[in-house]
Amino acid sequence: MEQTFVMIKPDGVQRGLIGEIISRIERKGLRIVAMRMCQITDETARRHYAEHVEKPFFSSLVDFITSSPVVQMIVEGENAVVVMRTMSGATDPKEALIGTIRGDFGLDVGRNLIHSADSLESAKREIAIHFTEEDVVEYTKADETWVYE
């Protein structure tokens, strides 16, 4: 099973969408194997968004992600990276399809509710930034025989 990193951003937390987003992940058939609410530090935010350090929006990105608590998760399932990216919707909510998290709840690219790793390589890097191996709880969901062949 593939693992990916997912984060409900400060706007998702402040707007009371934690339950809705987690519910969508679970209803899809994915498994949450680690989860916590935390306040991201400036240092952690800079490590997480390191690939954007030279971009003009880097400072505002760090300021936003550290502005309020977030909910971080490791989500597991077949093709978890692609599945979560599809469920999240386009980065700009105005371009996100209805039925996606951003398409249903977002209006502004700077307040797009959720982060999900864009590749397996990114997922592994982001998981290592935010979680330790001890944080992961391995288990089998009873309904998995009804999700996968």
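Every number here is computed from the coordinates shown, using simple stated rules; none is lab data. Just so we're clear, the structure is a prediction, and the values are computed from it rather than from any experiment. FYI the Cβ positions are ideal-geometry reconstructions off the backbone, even for glycines, and counts take in every protein chain you see.
Some observations on this one:
- All of 81, 13, 62 fail the test of being assigned to a helix (DSSP H, G or I), free of Cβ contacts under 8 Å to residues at least 24 places away in the same chain and either crowded, with 16+ Cβ neighbours inside 10 Å or touching a strand residue (DSSP E or B) at 6+ places or on another chain (Cβ under 6 Å) (or both), apart from 62.
- All positions within the stretch 44-59 that are without any contact (Cβ under 8 Å) to a residue 40 or more places away in the chain and surrounded by 15 or more Cβ atoms within 10 Å (Cβ to Cβ): 45, 46, 49, 58
- Candidates 132, 66, 44, filtered to the one that is more than 18 Å from residue 22 (Cβ to Cβ), among the polar types (S, T, N, Q) and in contact with a His (Cβ under 8 Å, 6 or more places away or on another chain): 44
- Taken over the stretch 127-149, residues that are surrounded by 10 or more Cβ atoms within 10 Å (Cβ to Cβ) and farther than 17 Å from residue 77 by Cα amount to 5.
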